[in-house]
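For reference, the structure discussed in these notes is given below.
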Amino acid sequence: MCNKKNLIFSIQRSILNLKNLKFLFFIPILLIDIILPILLIISYRTNGVSEEFLIDIRQYCFMILPIASICWSVFSMKDYVGEIGTEILYISNNKVKIVDFFLLLFYSFINIFIIALIVCYTINTAIPIFIAIILISIFLFGLSYCLLYYTKSLTIVIMVDLLYIISSLILGGRYTIFPLYVLNQITYSNLCYFYLPLGIIGIFLCGLGIEKNKYNCI
């Protein structure tokens, strides 16, 4: 009963966090629901259901979805660091903020799932691409949450996230450098030996962030 009540409070706080984002709220919606579908529709009309279309799906999704998926979580972190008075957010029993942040990531996953459902219905070989993106997003979320409480700087969090994504986009098509994600063919095999460990590391980073969050109020 207590856990259910805490979850309800977390959902309410996450909705308030979304409202507090103001115009930043629309950035992932613009990326996921407008720009990405336009690019995919253009590719589909040009290539049809083909290998070229699958390559475009992989490239466009890897460019847009990892950063878009964590936007709400990362942007909401600005209210928990650096400002005078943020310590009041930590005086209740809700000192550990990961559930609040993770719910925002989960909302993004729901949005991505709608796109994935349509794309995978059109070409079912795209399924591993979206599984890989979920695992990449979990890694990025864990990295962001951990860095937030170890550096106490949202600027550093954003810079590291962008550096990781840009490095992956530049180097991922040429080299396989873990933990940078790659833009080459995604199969169920490399999901297991490359992307699954990435997701596990993300969960481990969440654990480190929770430990720091427990004993250190910003």
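Here are the numbers for this structure:
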{"quantity": "Candidates Tyr145, Tyr149, filtered to the one that is under 19 Å from Ala68 (Cα atoms), in contact with a Gly (Cβ under 8 Å, 6 or more places away or on another chain), of a type in the set (Ser, Thr, Tyr) and part of a helix (DSSP H, G or I)", "calculated": "Tyr145"}
{"quantity": "Residue match in the range 86-98 (condition: at pLDDT 85 or above, surrounded by fewer than 16 Cβ atoms within 10 Å (Cβ to Cβ) and of a type in the set (A, V, I, L, M))", "calculated": "no"}
{"quantity": "Filtered residues of the range 32-64 (kept if buried (at least 18 other Cβ atoms within 10 Å of the Cβ) and within 19 Å of the chain's Cα centre (by Cα))", "calculated": "Ile32, Leu36, Ile57, Arg58, Tyr60, Cys61, Phe62, Met63, Ile64"}
{"quantity": "Any hit, the range 120-136, residues being within 23 Å of Ile55 (Cβ to Cβ), touching a residue at least 40 places away in the same chain (Cβ under 8 Å) and part of a loop (DSSP other than H, G, I, E, B)", "calculated": "yes"}
{"quantity": "Residue that is of a type in the set (S, T, N, Q) and modelled with pLDDT of 90 or more, where the choices are Ser14, Ser10, Ser50, Ser43", "calculated": "Ser43"}
{"quantity": "Answer from Ile156, Ile133 - the residue that is surrounded by 16 or more Cβ atoms within 10 Å (Cβ to Cβ) and closer than 27 Å to Lys78 by Cβ", "calculated": "Ile133"}
{"quantity": "Hey, Leu208 in contact with an Asp or Glu (Cβ under 8 Å, 6 or more places away or on another chain) and either over 23 Å from Leu103 (Cβ atoms) or in contact (Cβ under 8 Å) with a residue 60 or more places away in the chain (or both) or not", "calculated": "no"}
{"quantity": "Candidate set from the range 180-208 (those that are in a loop (DSSP other than H, G, I, E, B) and either modelled with pLDDT of 90 or more or hydrophobic (A, V, I, L, M, F, W, C) (or both)); member that is nearest to Leu105 (Cα to Cα)", "calculated": "Leu180"}
{"quantity": "Meets criteria (hydrophobic (A, V, I, L, M, F, W, C), surrounded by fewer than 21 Cβ atoms within 10 Å (Cβ to Cβ) and part of a helix (DSSP H, G or I)) for Ile177", "calculated": "no"}
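The values are calculated or read from the model by the stated rules, or taken from the named source; none is laboratory data. All values derive from a computational prediction rather than experimental measurement. With ideal geometry, Cβ positions are generated from the backbone for all residues, glycine too; neighbour counts draw on all protein chains shown.
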